[in-house]
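Asker: Have a look at the structure that comes next, please.
The values are calculated or read from the model by the stated rules, or taken from the named source; none is laboratory data. Please read all numbers here as calculations on a predicted model, not as lab measurements. Every residue, glycine among them, receives a Cβ derived from its backbone with ideal geometry; neighbour counts consider all protein chains shown. Protein only, heavy atoms only, side chains kept; ligands, DNA and RNA dropped before computing areas. Shrake-Rupley method; radii C 1.70, N 1.55, O 1.52, S 1.80 Å.
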Amino acid sequence: GPAGYGTIFRLTSANVLSVVAAFNGTNGGQPLATVTVGMDGVLYGTTYSGGQDYNGIHRGTVFGCTVGGALSTLHDFVIGPSGYYPRSRLIQDSNGILYGTTSSSASAETYGTFFSISTNGNWTNLMTFGLTNGTAFAGSPVWAPDGSLYGTTPRGGAGRAGMVFRLFPGTEP
């Protein structure tokens with residue numbers, strides 16, 4: 001993008017590329033994962049950097065963007081209970097709630113979070129990762145046919161070699 005922070009783009013079947021919206025640091029930067037098309041037609045995603053300034057450090061955002069290019073920040077990540085540095089794709093449940101992960105947290109014993117956020121920005125920390133239940137979450141969670149949400153972590157768990165986890169066993173929230 002023009003400011004070097006990344007873009008949301010459209011590529012047509014005729015290979016015509018156009019920029020839908022551009023990040024400028026204040027509204028996010030470095031979108032590392034693909035966007036999710038919400039039930040409302042809005043594109044939702046995360047940026048690894050940018051957003052609110054916390055002592056000169058910008059730790060990422062959750063954003064919504066219309067296909068017409070109206071970009072809005074739903075959540076700014078700062079040091080604290082929300083974790084920071086999101087890297088995975090958001091997923092949406094049948095009630096319209098978005099779910100995602102961060103790869104870092106505020107203390108030495110925690111290594112990221114699993115969160116939910118409504119399309120109007122109501123954020124909830126659902127789980128904090130640590131050495132015993134996985135660390136530095138990097139993958140995108142998925143809904144399984146049994147209604148459970150599954151994901152993986154590259155470190156943590158028994159032997160600290162990573163793990164598979166399941167949330168909401170048997171019922172999508």
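Asker: So which residues in the stretch 42-62 are part of a strand (DSSP E or B) and more than 20 Å from Ile79 (Cβ to Cβ)? Explain how you work it out, then say what you get.
Answerer: Step one: of the stretch 42-62, the residues part of a strand (DSSP E or B) are 43-47, 49-50, 54, 57, 59, 61-62.
Listed by number, the residues that qualify are Leu43, Tyr44, Gly45.
Asker: Quick one: which residue in Pro141, Pro173, Pro145, Pro169 is over 17 Å from Ser103 (Cα atoms) and modelled with pLDDT of 70 or more?
Answerer: Working: Pro141 fails: over 17 Å from Ser103 (Cα atoms); Pro173 fails: modelled with pLDDT of 70 or more; Pro169 fails: modelled with pLDDT of 70 or more.
After applying the criteria, what remains is Pro145.
Asker: Still on this structure: Hey, among Ser94, Ser107, Ser82, which residue is modelled with pLDDT of 85 or more, in a loop (DSSP other than H, G, I, E, B) and out of contact with any helix residue (DSSP H, G or I) (no Cβ under 9 Å at 6 or more places or on another chain)?
Answerer: On the way: Ser107 fails: modelled with pLDDT of 85 or more; Ser82 fails: modelled with pLDDT of 85 or more.
Answer to the selection: Ser94.
Asker: I would also like to ask the following. In a strand (DSSP E or B), under 13 Å from Gly6 (Cα atoms) and hydroxyl-bearing (Ser, Thr, Tyr): does that describe Thr34?
Answerer: On the way: in a strand (DSSP E or B): no; under 13 Å from Gly6 (Cα atoms): yes; hydroxyl-bearing (Ser, Thr, Tyr): yes.
The answer is no for Thr34.
Asker: Is at least one residue of the stretch 47-63 open to solvent by less than 50 Å² (accessible area, probe 1.4 Å) and charged (D, E, K, R)? Show your work before the answer.
Answerer: Looking only at the stretch 47-63, we keep the residues that are open to solvent by less than 50 Å² (accessible area, probe 1.4 Å), and these are 47, 49-51, 59-63.
Okay, now just the ones that are also charged (D, E, K, R), so 59.
For the stretch 47-63, residues open to solvent by less than 50 Å² (accessible area, probe 1.4 Å) and charged (D, E, K, R): present.
Asker: Which pairs do you get when a residue that is at positive phi, found in the stretch 10-28, comes within reach of a residue that is assigned to a strand (DSSP E or B) and surrounded by 16 or more Cβ atoms within 10 Å (Cβ to Cβ), reach meaning Cβ atoms under 7 angstrom, with the pair 6+ apart or on two chains?
Answerer: If the second residue must be assigned to a strand (DSSP E or B) and surrounded by 16 or more Cβ atoms within 10 Å (Cβ to Cβ), the pairs left are Gly25/Gly50; Gly28/Thr47; Gly28/Gly50; Gly28/Thr61; Gly28/Phe63; Gly28/Thr73.
Asker: If you check Thr119 against the conditions, is it open to solvent by 40 Å² or more (accessible area, probe 1.4 Å), part of a loop (DSSP other than H, G, I, E, B), at pLDDT below 80 and in contact with a strand residue (DSSP E or B) (Cβ under 8 Å, 6 or more places away or on another chain)?
Answerer: Numbers: open to solvent by 40 Å² or more (accessible area, probe 1.4 Å): yes; part of a loop (DSSP other than H, G, I, E, B): yes; at pLDDT below 80: no; in contact with a strand residue (DSSP E or B) (Cβ under 8 Å, 6 or more places away or on another chain): yes.
For Thr119, the condition - open to solvent by 40 Å² or more (accessible area, probe 1.4 Å), part of a loop (DSSP other than H, G, I, E, B), at pLDDT below 80 and in contact with a strand residue (DSSP E or B) (Cβ under 8 Å, 6 or more places away or on another chain) - is not met.
Asker: Then there's this: How about the stretch 1-19: which of its residues are surrounded by fewer than 19 Cβ atoms within 10 Å (Cβ to Cβ) and under 19 Å from the mean Cα position of the chain (by Cα)? Explain how you work it out, then say what you get.
Answerer: Here is the first cut: in the stretch 1-19, the residues surrounded by fewer than 19 Cβ atoms within 10 Å (Cβ to Cβ) are 1-4, 7, 9-19.
Listed by number, the residues that qualify are Thr7, Phe9.
Asker: Out of the residues in the stretch 42-75 that are more than 16 Å from the chain's Cα centre (by Cα) and β-branched (Val, Ile, Thr), which is nearest to Gly112 (Cα to Cα)?
Answerer: So, considering only residues that are more than 16 Å from the chain's Cα centre (by Cα) and β-branched (Val, Ile, Thr), the one nearest to Gly112 (Cα to Cα) is Ile57.
Asker: Moving on to the next point. Just name the residue that is nearest to Ser72 (Cα to Cα) out of those in the stretch 20-30 that are open to solvent by 30 Å² or more (accessible area, probe 1.4 Å) and either in a loop (DSSP other than H, G, I, E, B) or modelled with pLDDT under 95 (or both).
Answerer: Of the residues in the stretch 20-30, the ones open to solvent by 30 Å² or more (accessible area, probe 1.4 Å) are 22, 24, 26-27, 30.
Adding the requirement that they be either in a loop (DSSP other than H, G, I, E, B) or modelled with pLDDT under 95 (or both) leaves 24, 26-27, 30.
Values: Asn24: 12, Thr26: 11, Asn27: 7, Gln30: 15 Å.
Here the residue is Asn27.
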